[in-house]
Amino acid sequence: MKAAVLRGIRDIAVLDVPMPDPVGVDSVLVRIGAVGVCGSDVLRFGIGKGYGFPRVLGHEMSGTLVEDSPSGELKAGDRVAIFPCIPEPFDPMSEIGEYALADRYDYFGSRRDGGLEEYLRVPERNLIPLRPGTSLIAGAMVEPAGVALHAVRKAVIPPNATALVIGAGPIGILAAQWLRILGVVRVLVADVDERKREIAESLGFETLDASTAPSDELAAAATAGRGVDIAVEASGLSVTFLQAIRSAAHRGQVVLLGDLADDVALPKELVSRVLRRELVLRGTWNAVITPRVTNDWEMVVACLGRSLVVDGLVSHIEGIDDAQEVFARLADRGGWSNKTIFAISDEAVAEADAALRESLSARLARR
């Protein structure tokens, strides 16, 4: 089968590789449909951040079952989203369903080969069936949407709540949508990028131009000096980390979603602000697929195409043969992009043109 193999820093080759071995419990052969590119994938390509070479990247995956699952609950031909974290059954956190918080686990696309290949064998428990009519392109957005939902669910949403999301990339826009879905009355979205603010505005959010002033100052002005009940840091920068804390109202909550790219120092005055306003800082990591029905991923699947919009976030859909060029462009920031997805299977390739025609991000990328 064909796979895009990361052989070293900035070196991807499309090779013929053996069919995948079984992994985990009750693994099922899946034909990969579409694979989203995460910022962590770009770092693995660009600077080698990860678990060594060679490696097939890709943990934001959708696919189609080639065979029935061992339980018989899933059938050949079913479309699924693929949860990338493979638990170690006897880790204490795995025992309570928190697979990604365990000390020991495996992971498609980082610790083991991921979705940029034609087939994977995936444990049945990691397969989340998509609703009928869901495209494979949209299915590849379940993973980032699950991460955003998991983060937002950490916050306790008070009545008449106002929230600020700093960073209008795909994760930030997904977090903003979840805040609204879960009951936040007013959601502000801050970013320096005009096109990303345009995407937020198209979804009905109030936007703040963070190129004109710090996001916390803009949020204070927008709330008559009160601040926001919930601040979500989705940029992954030390400066926005500090802005998120400064933006919070008394007894506000700060959800730390972005994985920081640089170190941060907490000034004494900011620590005093946390104390005197009784702020709550909430860390968040990955997502969960337990318990059944009420977990993050099944809620994402239920909302796709209903209250949750993902199609407009996709700016580029690429073929696996172009993996080296695509990753080099993303690592070098060669042109504007929002969300890049690889169409792997013929079915996903057939969906690509329609998906791009309907996507505001794709139109903005052509400006």
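Values in this text are rule-based calculations from the coordinates and carry no lab data. The shown structure was predicted, so the numbers you read here are calculated from the model rather than taken from an experiment. Heads up, the Cβs are rebuilt from the backbone with ideal geometry, glycines too, and the neighbour counts pull from every protein chain shown.
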Review point. How large is the charge dipole for the chain, taken about the Cα centre, if only the Cβ atoms of Lys, Arg (+1) and Asp, Glu (-1) carry charge, to the nearest 20 debye?
Key: 1160 debye
**Study point:** Simple spin-label estimate for residue 51 and residue 292 in nanometres, 7 Å along Cα-Cβ
**Key:** 2.8 nm
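Please identify every one of the GluC sites (Glu not before Pro) in the stretch 25-76 that sits in a loop by DSSP and has no more than 13 other beta carbons within 10 Å of its own beta carbon. Show your work: numbers first, answer last.
Details: sites: 60, 67, 73; in loops: 67, 73.
When the GluC sites (Glu not before Pro) of the stretch 25-76 are filtered for loop state and at most 13 Cβ neighbours within 10 Å, 67, 73 remain.
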Point to revise | Which of 47, 30, 312, positive extreme of dipole for the chain (C-beta unit charges) | key: 312
Review point. Between residue 71 and residue 16, what is the FRET efficiency for a Förster distance of 41 Å, r being their Cβ-Cβ separation, to the nearest 0.05?
Key: 0.80
Review point. Looking at the stretch 62-163 from every direction and averaging, what is the projected area of its Cα convex hull in nm²?
Key: 8.9 nm²
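Tell me the Kirkwood hydrodynamic radius of the stretch 208-367 in angstroms, computed as one over the mean inverse distance between distinct C-alpha pairs.
So the Kirkwood estimate lands at 18.8 Å.
Would you mind getting me the FRET efficiency between residue 276 and residue 7? Use the beta-carbon distance for r and R0 = 56 Å, nearest 0.05. Before the final figure, lay out the partial values.
Values: r = 53 Å, r/R0 = 0.95.
Once the sixth-power term is evaluated, E becomes 0.55.
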Check your understanding: Helix 142-152: angle to the longest alpha-carbon principal axis of the chain, degrees 0 to 90, nearest 10?
Key -> 30 degrees
**Study point:** Extreme residue, positive dipole direction of the chain, given options 244, 83, 167 (C-beta unit charges)
**Key:** 244
Review point. Modelled label-to-label distance, residue 328 and residue 40, 7 Å Cα→beta-carbon offset: nm?
Key: 2.7 nm
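Select from the stretch 308-354 those chymotrypsin sites (Phe, Trp or Tyr not before Pro) which occupy a DSSP coil region and have at most 16 other Cβ atoms within 10 Å, ordered by residue number. Please report the intermediate quantities before stating the final value.
Values: sites: 327, 336, 342; in loops: 336.
Sparse-neighbourhood loop chymotrypsin sites (Phe, Trp or Tyr not before Pro): 336.
Which ordering of 119, 51 is given by a fewest-first count of other beta-carbon atoms within 10 Å? Write down the numbers at each step before the final one.
Numbers: 119 20, 51 10.
Taking fewest neighbouring Cβ atoms as first place, the list is 51, 119.
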Study note, to complete from the structure: Here the Kirkwood hydrodynamic radius of the stretch 1-124, Cα-based and in Å, equals 15.0 Å
**Study point:** Projected-area mean, the stretch 155-283, by convex hull of Cα positions, square nanometres
**Key:** 7.1 nm²
Point to revise | Peptide ranges 271-284, 86-99, 173-186 listed from the most packed, as the mean C-beta count within 10 angstrom indicates | key: 173-186, 86-99, 271-284
Check your understanding: In nm, to one decimal, how far is the residue 202 label point from the residue 285 one, both placed 7 Å along Cα→Cβ?
Key -> 3.5 nm
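Out of all DSSP beta bridges with both ends in the chain, state the antiparallel percent to the nearest 5. The partial results should precede the final answer.
On the way: 33 of 62 bridges.
Beta bridges within the chain, antiparallel portion: roughly 55 percent.
Taking the Kirkwood radius as the inverse of the mean 1/r across Cα pairs, report the Rg/Rh of the chain. Mind showing how you got there, number by number?
On the way: Rg = 20.2 Å, Rh = 21.0 Å.
Ratio value, two decimals: 0.97.
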Point to revise | Dipole magnitude (debye, nearest 20) for the stretch 155-283, charges at Cβ of Lys, Arg, Asp, Glu | key: 560 debye
Study note, to complete from the structure: Nearest 10, in degrees from 0 to 90: the angle of helix 346-357 to the longest Cα principal axis of the chain is 30 degrees
